[in-house]
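The values are calculated or read from the model by the stated rules, or taken from the named source; none is laboratory data. Small disclaimer: the values here were computed from a predicted structure and weren't measured. Quick reminder, even Gly has a Cβ in these numbers, built from the backbone with ideal geometry, and neighbours come from all protein chains shown.
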Amino acid sequence: MSAGNVGRRGLAHLQAHADGSGNAWHGRCFIMVMIQIPAVDQAFLLLLIVSCLGTCLVRAFWELEQVRARRIASPSRKRDEA
């Protein structure tokens with residue numbers, strides 16, 4: 001049996017036994033699709049996802065640091081009033 005036949009039969013089985021929300025079906029469908037993608041492509045997708053998440057984290061921390069630096073550089077209102 002080839003992987004393609006197993007995937008098609010598995011997909012039909014999942015469609016027949018999907019719950020009302022469809023969440024379990026989507027999760028299993030994603031796994032079935034990922035099994036059929038070559039390992040090199042999976043590695044590329046993983047690196048792409050990691051780099052995107054890393055970029056988002058770096059940007060978030062950079063913006064927090066910029067806010068902190070502006071807050072420290074600006075004179076405090078409490079000090080001016082006292």
query = Which condition number in (1) surrounded by 10 or more Cβ atoms within 10 Å (Cβ to Cβ); (2) out of contact with any Leu (no Cβ under 6 Å at 6 or more places or on another chain); (3) modelled with pLDDT of 75 or more is the one that S74 fails?
reply = (1)
request  = Please work out which one of (1) part of a helix (DSSP H, G or I); (2) modelled with pLDDT under 90 is the condition M1 fails and give its number.
outcome  = (1)
